[in-house]
Amino acid sequence: MPISTFEHLLSSIKGSSDGWSPDREKVMLDPFTYVASNPGKDIRRTLIVAFDLWLNVPKTKLDVVAQVVDTVHNASLMLDDIEDDSDLRRGKSAAHKVYGIPQTINSATYALWIAYQRLLSIRPSATDGVGEGHSPLCNKALDQIFTEELLHLHRGQGLDMHWRDSFTCPTEDEYVEMARGKASSVLRLSVRLMMAFSTNTNMDLVHLVDLIGVFGQIRDDYMNLQSKEYTDTKGLADDISEGKFSFPIIHGIQENPDSTVILDILKQRPKTPSLKHQAIAYLRDVTHSFDYTLQVMRSLEVQIRDEIFRLGGNPVLEALIDKLHQ
């Protein structure tokens, strides 16, 4: 490029568009698209359908809310896999193993801003059927809901990593606080946005989704150590390889505080099966941590079903809980 090109650069900039092309957008989103094109069980979409039986959100708004939630979820998985140095996600190599850590971080955070941009497109206006005088949540800016729940998401994830990296075993109460951030925040994001556009102003589902999120996180921890399906998609007991203080592991440590077996194994961050199988056998046979975890899940499931009944019943949500029952 000749030097003369830069002599009138200011005029050139003023007279041009930003120059962003579909090809450049594709490059930015390639890691995100890689993850999003390999969907999991899509429980969040099922929950949105279930919540809408109660909330009756206009379809144009609901479609955008579903897109926003799906984008936030997939972006959070990409960052989670980097932070945990996971090899697999949904049976495929994790995005950062394919595209590298810098590009994956940039793609995930870029996708979060795209989600926010989409949310701005459905801000309630004076001519909307919902807004001032219709829904109590519409007086609260959508961007505030979005910001609050992303803060909770990062706080929960941060606590989980802090305990792992500082080798600090949390209490079960602290674990629940973490799960309400890490696991419940995306669910709360969906239901709070839906409530903002709901034609049913008397329905508050936030406490129910909090409960579902904690149940889901404990179930995920259990399945990570006990499910062949999880082994096939994420590898054998990868929570142990990460040194993670998952729910059964917390119970195993606290149930027998004089033993250092689990802590010693977590310190090793083992990649091979032998130490993982030893830890699993200890949790199963010595501290009975899997039995305890199942009891906790049963208790939470009863509370979820009771709350669904109190709210008037919901066949889609009841069928999902049936599916998740262990």
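The values are calculated or read from the model by the stated rules, or taken from the named source; none is laboratory data. Note that this is a predicted model, so its numbers are computed, not measured. Cβ placement follows ideal geometry from the backbone for every residue including glycine, while neighbour counts extend to all protein chains displayed. Note: areas computed on protein heavy atoms with side chains; ligands, DNA, RNA excluded. Shrake-Rupley method; radii C 1.70, N 1.55, O 1.52, S 1.80 Å.
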The Cα extents of the stretch 61-124 along the principal axes, largest first and rounded to whole Å, are 42, 22, 15
Quick check on the stretch 165-213: what does the Kirkwood estimate of hydrodynamic radius come out to from the alpha carbon pairs, in Å?
12.1
Degrees, to the nearest 10: 101-120 long Cα axis against longest axis of the chain:
60
Per-residue ellipticity at 222 nm attributable to helices in the chain (runs of n ≥ 4 DSSP H, -39500 (n - 2.57) apiece, nearest 500 deg cm²/dmol) works out to -22000 deg cm²/dmol
As a test of the definition: which semi-axes, in Å, follow for the chain when you take the square root of five times each eigenvalue of its alpha carbon gyration tensor? Largest first, please.
38, 30, 16
Could you tell me how many degrees, from 0 to 90 and to the nearest 10, lie between the Cα long axis of helix 289-310 and the main elongation axis, the longest principal axis, of the Cα atoms of the chain?
50
How long are the semi-axes of the ellipsoid equivalent to the stretch 33-98, from square roots of 5 times the Cα gyration tensor eigenvalues, in whole Å, largest first?
28, 11, 9
Of all accessible heavy-atom area on the stretch 50-111, the percent that carbon and sulfur account for (1.4 Å):
53
For the peptides 57-67, 37-47, what is the packing order when you average, over each peptide's residues, the other Cβ atoms within 10 Å and list the highest mean first?
57-67, 37-47
Ignoring ligands, DNA and RNA, what percent of the 1.4 Å accessible area of the stretch 147-288 is carbon and sulfur?
52
Return one whole number: the accessible area per residue of the chain in Å², for a 1.4 Å probe.
49
Over the stretch 187-326, volume per residue of the alpha carbon convex hull, in Å³:
121
For the pairs Lys234/Lys323; Lys92/Lys267; Lys41/Lys182; Lys26/Lys61; Lys234/Lys271; Lys182/Lys271, note any where the Cα-Cα span goes beyond 23 Å.
Lys92/Lys267; Lys26/Lys61; Lys182/Lys271
Normalised contact order of the stretch 187-326, rounded percent, pairs of Cα under 8 Å and 6 or more residues apart:
21
Please give the direction-averaged projected area of the C-alpha convex hull for the stretch 231-305, in square nanometres with one decimal.
5.5
